[in-house]
4 protein chains.
Amino acid sequence: MANSLPVLTFTPSEGDYVWTFGGAPPLARVKPGDTLELFTEDCFAGRVRSEKDLVTEVCEFPFLNPQTGPFYVEGAEPGDTLAVHFVSIEPARDWAASTTVPLFGALTSTHTTATLQPPLPERVWIWQLDRERRTCLFRAHDSDIEVELPMDPMHGTVGVAPANLEVRSALVPDAHGGNMDTPEMRAGVTCYLGVNVEGALFSLGDGHARQGEGETCGVAVETAMNSVITIELIKGVPTPWPRLESDTHIMTAGSARPLEDAFRIAQLDLVQWVARDYGLSELDAYQLVTQGVESPLANVCDTNYTSVAKMRKAFLPSGTSAYGVHETLRSRAAAYLAG
Amino acid sequence: MANSLPVLTFTPSEGDYVWTFGGAPPLARVKPGDTLELFTEDCFAGRVRSEKDLVTEVCEFPFLNPQTGPFYVEGAEPGDTLAVHFVSIEPARDWAASTTVPLFGALTSTHTTATLQPPLPERVWIWQLDRERRTCLFRAHDSDIEVELPMDPMHGTVGVAPANLEVRSALVPDAHGGNMDTPEMRAGVTCYLGVNVEGALFSLGDGHARQGEGETCGVAVETAMNSVITIELIKGVPTPWPRLESDTHIMTAGSARPLEDAFRIAQLDLVQWVARDYGLSELDAYQLVTQGVESPLANVCDTNYTSVAKMRKAFLPSGTSAYGVHETLRSRAAAYLAG
Amino acid sequence: MANSLPVLTFTPSEGDYVWTFGGAPPLARVKPGDTLELFTEDCFAGRVRSEKDLVTEVCEFPFLNPQTGPFYVEGAEPGDTLAVHFVSIEPARDWAASTTVPLFGALTSTHTTATLQPPLPERVWIWQLDRERRTCLFRAHDSDIEVELPMDPMHGTVGVAPANLEVRSALVPDAHGGNMDTPEMRAGVTCYLGVNVEGALFSLGDGHARQGEGETCGVAVETAMNSVITIELIKGVPTPWPRLESDTHIMTAGSARPLEDAFRIAQLDLVQWVARDYGLSELDAYQLVTQGVESPLANVCDTNYTSVAKMRKAFLPSGTSAYGVHETLRSRAAAYLAG
Amino acid sequence: MANSLPVLTFTPSEGDYVWTFGGAPPLARVKPGDTLELFTEDCFAGRVRSEKDLVTEVCEFPFLNPQTGPFYVEGAEPGDTLAVHFVSIEPARDWAASTTVPLFGALTSTHTTATLQPPLPERVWIWQLDRERRTCLFRAHDSDIEVELPMDPMHGTVGVAPANLEVRSALVPDAHGGNMDTPEMRAGVTCYLGVNVEGALFSLGDGHARQGEGETCGVAVETAMNSVITIELIKGVPTPWPRLESDTHIMTAGSARPLEDAFRIAQLDLVQWVARDYGLSELDAYQLVTQGVESPLANVCDTNYTSVAKMRKAFLPSGTSAYGVHETLRSRAAAYLAG
């Protein structure tokens, strides 16, 4: 690691995890420009370790989806934007777990899509991770079939303390970020979050070795992560809903129910982002986004559903986003990785 | 064109177009194995030709989204599946039109998401198509900005006569296909449609030089198309909702409101397709699809919203889909194109 | 019956029923001012007659919800409004049937709210109707419990041929009316339907001895009816969505998914009705309706969900609705009943 | 007032109000059996006093919907049920205010049903309350029209601290109660709330002189209230979602989006309540509720929408609800009022 980079390391003890956004005292104070090496536990708090470990037996509600943090960012105030850049996201174990959970997921009735039907059977799948070959091995329960999928590590949950005096469960995605569960939250990406309280109080967790779009059964390939992030603060620039930036795309993430409202939020935010930062009128941006946007779903199982809107930078008028920090963060990440 | 291929050509006259799925007499009778060269008019029936041609002034409701067809497929009966393979989809003009339409689109109130607000302004954008360079040129209304996007031609609408004695407007997507508006309906893809009435009575139209996922403003880059399709009939194999197959993916398309129901339909159909044709139990298929699926939206503006679920064939157990005709159709297409 | 009233009687034979709105030739031609004595079969086409008659075994899809009609109304043209006044709705049998139907109803997954769960068990309940005491007797399956509820007869389905060249299943509620399943469709009420095609082509059916609001399990206390209606035509006055009028209330019925869209349609139509016919601005009508409206659900189980908005006439500025025919129809009904 | 009744009086000072459920220290400790005389401020914190007081100018987000409380109930533990009986709800002023609020309400786009349209105009209506004649006088803005509606005082908001370590804005309705905005919360009614934290920490506010079902424009006839409640604790009986009981009905209230999920929650809870406390199987209860239920909407404008399911006690098998306290509370209320 380069000497010039301020790098902090956080490996939480069991009692250090938090289960909410907002409402918890800071784990540490950090500064814009800091790089953080973090350990995050899996969404089961590490309790699902074999096919016998049913969630309803080994987990203790509401102690699910442990977050590493929150971090108090010096100088962060409401109306600012926090940029969290993912330098690297690496599974901390050579296995991961996925499960069905009774009355949770997209292809079952739930506590809110309430029916008289009994829940689906509860199951655990243990996936083998080959961190060198970058693969995840699926073994079927009811047959001998095995399938290998590419590893594509990501964080399901990253967020700040919410607005409106609220404290939200770490299982909830909303305007403060949280449990958005988008596979776009991978290494190389910068996540922009509007600051709602002094210090921003961001945290993250819910590592997935990989996840399909929509997280259909409600649970991804869940594993602990060793992740490196580097942060920046954009003063005086508000961000209404979480935004992401990769080398190739700008992205927005809307979270709401019904799913069309999540779509509307993400698309409107993308249209307005394109209009404000790239010099188009709103109607022209509406037209251009309509023809150029990619719209992969993130989750259709959580408290709010999350829809992502992605626009390829090559499809945009040349111009600079108000954020203007992604390249800096990429350089800093490269310096760290070259470390 | 190879002599051995039965090729039929259809260039409808103005009075030949139909505006519904079901309820119209066949334009022609065709046979499984036939290849069809078709002209399709754009969704405006060709009436929007300049920025002055507002939809509400030049178009005549309900005469929108003209369909070329319907074609009566010899031997097709309820319980069969019709396979429509897209050999080529080529814009028939060097321009295309997109518009806003009052109270239509995802980022406006509509006749069903009804509010007291006035509609957005009505606008037309004429896109220039460069068919050699395969590009679509966007010119902003309210600034001098121009942006070039890649051409990616597709058909927004393909379907058969619906079940339940119904006749549906060509603007509607549902279990019979119809106006699904997915960019996945491009050349090289086979579309599987369950047959509901004798002869299937399929038709197609609504060519788009390109379209973003979700068709946010409600209107793509609309143009007339010269398209070539080749068809096959799979006897005794029902298909509940439209399915697609490319060289790399199998795909399902669910259409419903709210959008999460469209998602559920597509994901459940994909899970059950994987379970039945690839040897997994339903719960194992649920797990594998959850981790491997791509979930791009198709439209979030039409009478029903359409959600697509895509699974990479490389992520599936080796096995043969009950359809088993995609490779044959690809070969036939190659022979045609080698012509 | 008074001599002066033109009264027509229709008791369909088995082959006379129709299963759609639109797409069927008229059963008869009638005139504004006519009074019709009608027999309507129950939604099961009379095939569920005991607890052993499971819908999936005795009924034949799509031959459900038989309609008596359609009637061609002389002089009716698109842009007019047809007024159908319910003079009386009387059960034609001393029993009625209700059932669960697999994957149908609000408290089960369905073909569109699609899950991997198995359907609920299929059951039939036969209700005894005491037409003198005006009661419906419920007998529990799994215990000896019996409960008597008041009879409150209604028609679940009344509608005209739809717009946009469509033919819709009699199971669908939409702007053309159809299977709205609101308990407000009782004797003494006038239903206003916008005419979409020459002759209007209205029909009705789906009698319920009573029904709760929302039709939760998807099926009411279904029975054949002897009903008397009297009709009127309001020339040149369009009606966008079905409206109802009783002696005490004006009502609107919106049908859509998700349910909030059905609510929006009904409330917006009520606000605009109050604004246009009672002299308030739209914003003032929005305020007054907000504080005075009753919003009982009709169905949350059909292809579209239906939400009703009711405003007590005593809560409205004095004024005359553009329809102005309810009192005339009431008088005509009284004359018939006195007859 | 009878000497034997323990009566406590709370008139909060300006700094005493709280803006959340959960997250605030108790205002006072109370005991089961206590009767409380409370003052509640209106949802605008009393700042909208004339037609010139626009919400966006005089109110300070997030300081809306002030709650009187929270009250720590001695002995209340998770798994218990708190019964709050409304003895009386009386407007504390002779006027009330209603407004439009930009991007809030059912007939406008909102921050989540996001569109590119501008918001509706912002307006204030001041209603005159005649507390003797029990009327509310509406005066139109844009005409001379006046309409008098009956007064029907209610509390829009009553709730306890939420589960899952959360703190929710007082504007949110959910399983903990909160801002349900149902006109059923009137004097004579008992509200049952499941206890999530020690002491329950209940509070209430948001008095409405009257409100239509659905609270269409988002704002009722808002006024300060002098209310009297009396409370009871039912040990060891959990309540999953808020329930209400009047002399004539049992009721449930589900809050979620989309609105059909709120409906499903309320109807399922009613079915299960009827099954468990009145001796029917779940399927028999499903059938009986389907035919007997009333389903008035509460709000279709808040963070979650609220749907109420009501079953007339006369439609139920004779039996005793597990709560068994409504009659006691009614007697206590009568004693207080006779006091």
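The numbers here are math on the coordinates, done by the rules we state, and not lab data. Here the structure is a predicted model, which means the values were calculated and not measured. Don't worry about glycine lacking a Cβ; one is built from the backbone with ideal geometry, like all the others, and counts go over all protein chains shown.
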**Study point:** Positive-end extreme of charge dipole, chain B - chosen from B:Phe71, B:Thr110, B:Gly205 (charges on Cβ)
**Key:** B:Phe71
Revision key, fill the gap. The value for segment C:7-338 (convex hull of the alpha-carbon atoms, volume per residue, Å³) is 138
Check your understanding: What nm distance separates the two modelled labels at B:Ala334 and D:His111, each placed 7 Å from Cα along Cα→Cβ?
Key -> 5.7
Exercise for review: Quick one: order C:Ile89, D:Ile126 by neighbouring beta-carbon count within 10 Å, fewest to most.
Suggested key: D:Ile126, C:Ile89
Study note, to complete from the structure: Here the relative contact order (percent) of chain A, from C-alpha pairs under 8 Å and at least 6 apart, is 23
**Study point:** Order of D:Ser246, C:Ser318 - criterion: other Cβ atoms within 10 Å of each residue's Cβ, fewest first
**Key:** C:Ser318, D:Ser246
Point to revise | Gyration tensor (alpha-carbon) shape descriptor, segment B:271-339, a/c threshold 1.5 | key: oblate
**Study point:** Estimated FRET transfer efficiency (C:Ser318, D:Arg134; beta-carbon r; R0 30 Å; 0.05)
**Key:** 0.90
Practice item. Could you line up C:Val308, B:Val167, D:Val197 from fewest to most neighbouring Cβ atoms inside 10 Å? Key: D:Val197, B:Val167, C:Val308
Point to revise | Computed E for C:Arg47/A:Phe10 - FRET, C-beta separation, R0 56 angstrom, nearest 0.05 | key: 0.25
Check your understanding: Considering only DSSP beta bridges whose two residues both sit in the protein assembly as shown, what percent are antiparallel, to the nearest 5?
Key -> 90
Review point. With Cβ to Cβ distances under 14 Å as the rule, what net charge do the other residues near A:Val55 carry (K, R +1; D, E -1)?
Key: -3
Review point. Label-to-label distances across copies for C:Gly15, with labels 7 Å out along Cα→Cβ, in nm, shortest first?
Key: 3.4, 8.6, 8.8
Practice item. Just the number, please: Stokes-Einstein D of the protein assembly as shown in µm²/s, Kirkwood Rh from C-alpha pairs, 10 °C, 1.306 mPa s. Key: 49
Check your understanding: Roughly how big is the protein assembly as shown's charge dipole about its Cα centre, with Cβ charges of +1 (Lys, Arg) and -1 (Asp, Glu), in debye to the nearest 20?
Key -> 0
Review point. Any idea what the D:Phe63 label distances to the other copies are, label 7 Å down the Cα→Cβ vector, nm, shortest first?
Key: 3.9, 6.3, 7.1
Review point. Which trypsin sites (Lys or Arg not before Pro) does segment C:127-159 hold that lie in a coil by DSSP with at most 16 other beta carbons within 10 Å?
Key: C:Arg131, C:Arg133, C:Arg134
Review point. So if we plug the beta-carbon distance of B:Asp247 and D:Arg276 into 1/(1 + (r/R0)^6) with R0 = 41 Å, what FRET efficiency do we get, rounded to 0.05?
Key: 0.15
Review point. Quick one: Cα centre-to-centre distance for segment D:24-75 and segment D:230-289, in angstrom?
Key: 28
Review point. In debye to the nearest 20, how big a dipole does segment D:7-338 give about its Cα centre with +1 on each Lys and Arg Cβ and -1 on each Asp and Glu Cβ?
Key: 460
Point to revise | Residue-count net charge about C:Arg330 - beta-carbon cut-off 11 Å; Lys, Arg +1, Asp, Glu -1 | key: -2
Practice item. Would you mind listing the distances between the A:Gln128 label point and the same position in each other copy? Use 7 Å along Cα-to-C-beta, nm, one decimal, shortest first. Key: 5.8, 6.8, 8.3
Check your understanding: If you put +1 on each Lys and Arg Cβ and -1 on each Asp and Glu Cβ, how big is the dipole of segment D:137-242 around its Cα centre, in Debye rounded to 20?
Key -> 460
Revision key, fill the gap. Checked against a 23 Å limit on the C-alpha separation, the offending pairs among A:Lys313/B:Lys310; D:Lys31/D:Lys235; A:Lys31/A:Lys313; B:Lys31/B:Lys235 are A:Lys313/B:Lys310; A:Lys31/A:Lys313
Point to revise | Estimated distance in nm for a label pair at D:Glu57 and B:Val237, the labels positioned 7 Å out from Cα along Cα-to-Cβ | key: 6.9
